[in-house]
Amino acid sequence: MGTSSSKYRKDVNCFDTISQYILSVTGIPKKFDQEVEQAGLRHCIVREFFNGNFSSPIRNELNFGGLRVLDIGCGFGAWLFEMSADFQKCHYVGVDITPQYNEWDSLIRESVRVLRSGGYIEITETEMVTKNVGSSVAKLIKKVVDLLNEKKIGILIVDRIEEVMKSNNLQNIVRYERNFPIGSWNYDLGDAFPTYTCNTLRNALIRFNDPKDIDNELKKFITEANLYRTYFSLHKFVSQKI
Ligand SMILES: C[S@@+](CC[C@H](N)C(=O)[O-])C[C@H]1O[C@@H](n2cnc3c(N)ncnc32)[C@H](O)[C@@H]1O
């Protein structure tokens with residue numbers, strides 16, 4: 001996995017800043033607390049997985065300043081907050097849209113259109129295929145996948161990103177893959193994986209189960225995921241417009 005617990009820092013300041021930001025924009029902080037915390041945690045995990053907030057060879061330019069950085073699907077803005085704190089002489093714009101929709105082709109095409117020659121595009125996406133999976137977790141994941149299909153949210157995009165990048169003339173494509181453990185069998189990043197995946201499983205169970213069974217159900221799922229050492233994969237694609 002290439003990471004160790006000593007490298008993981010739980011970025012409490014980052015969560016606080018995002019909560020304050022949400023409060024200033026919406027005036028309703030409480031509603032977002034759990035969602036913000038999950039997003040912040042996921043952000044920290046992704047940053048540790050890929051050894052930092054970006055993989056393109058642009059550190060010198062970011063330090064020098066003047067670059068314009070666009071975060072498409074910025075969510076609560078965790079990445080933007082950190083990048084703008086680390087490289088203060090650049091300009092940052094974040095856009096997001098809710099609910100999610102399924103227009104990756106046009107999204108990549110538009111991103112390439114607004115990107116300057118020599119600029120980089122990085123895409124990080126989850127593969128919705130879970131590995132080493134037992135029967136209870138498999139059933140739950142199937143329900144989630146069925147729900148996403150029902151909402152027409154594409155789940156096989158990881159297989160297509162490279163092809164869509166190539167068809168938009170992006171070059172020097174580099175692909176990274178990291179395993180994201182479900183349950184509490186992997187403490188490589190302290191309690192980050194157990195916390196994130198238990199919350200995610202709990203949220204999925206709440207959607208499909210009787211609320212009074214949730215704690216028992218969750219325990220059963222975690223035990224099974226630990227037994228099988230269940231994981232899914234996270235992929236990052238880096239490419240350049242020549
Ligand atoms: C998995 S979340 C990641 C959020 C954030 N980048 C992070 O790491 O915390 C994906 C985000 O992409 C947004 N999104 C999905 N489709 C989009 C689109 N076509 N244009 C802009 N944002 C989009 C969603 O609303 C969601 O906030």
Problem - Evaluation of VAL69 against (1) part of a helix (DSSP H, G or I); (2) crowded, with 16+ Cβ neighbours inside 10 Å; (3) more than 12 Å from the ligand (Cβ to nearest atom) (one fails), failing number - result: (1)
Exercise for the section: Taking the residues in region 187-203 that are of a type outside the set (Ser, Thr, Tyr), without any contact (Cβ under 8 Å) to a residue 60 or more places away in the chain and under 21 Å from ARG47 (Cα atoms) as candidates, determine which candidate is surrounded by the fewest Cβ atoms within 10 Å (Cβ to Cβ). Expected result: ASP191
Handout entry: Search result, residues across region 54-91 that are modelled with pLDDT of 95 or more and among the hydroxyl-bearing types (Ser, Thr, Tyr)
Key = SER55, SER56
Practice task
Quickly run through region 81-109 and pick out the residues that are part of a helix (DSSP H, G or I) and either within 9 Å of the ligand (Cβ to nearest atom) or among the hydroxyl-bearing types (Ser, Thr, Tyr) (or both).
Solution key: SER84, TRP104, SER106, LEU107
Problem - Identity of the residue in region 40-53, aliphatic (A, V, I, L, M) and at pLDDT 90 or above, that ends up farthest from the ligand (Cβ to nearest atom) - result: ILE45
Exercise for the section: Could you tell me whether region 204-217 includes any residue that is in contact (Cβ under 8 Å) with a residue 24 or more places away in the chain, crowded, with 18+ Cβ neighbours inside 10 Å, over 22 Å from ILE45 (Cα atoms) and more than 21 Å from the chain's Cα centre (by Cα)? Expected result: no
Exercise for the section: Could you list, in sequence order, all residues of region 111-144 that are within 16 Å of the ligand (Cβ to nearest atom), assigned to a helix (DSSP H, G or I) and touching a strand residue (DSSP E or B) at 6+ places or on another chain (Cβ under 9 Å)? Expected result: SER111, VAL112, VAL114, VAL144
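One line per residue, one yes/no per condition, for (1) within 22 Å of GLN38 (Cα to Cα); (2) of a type outside the set (Ser, Thr, Tyr):
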residue	(1), (2)
LEU67	no, yes
LEU70	no, yes
GLY73	yes, yes
GLY77	yes, yes
ASP105	no, yes
ILE108	no, yes
ARG113	no, yes
ARG116	no, yes
TYR120	no, no
Practice task
Have a look at SER233, SER239 and point out the one that is within 17 Å of the chain's Cα centre (by Cα), assigned to a strand (DSSP E or B) and under 20 Å from GLU127 (Cβ atoms).
Solution key: SER233
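The values are calculated or read from the model by the stated rules, or taken from the named source; none is laboratory data. As the structure is a computational prediction, the values presented were derived from the model and not from experiment. Because the Cβ atoms are built from the backbone with ideal geometry, glycine has one as well, and the counts that use them run over all protein chains shown.
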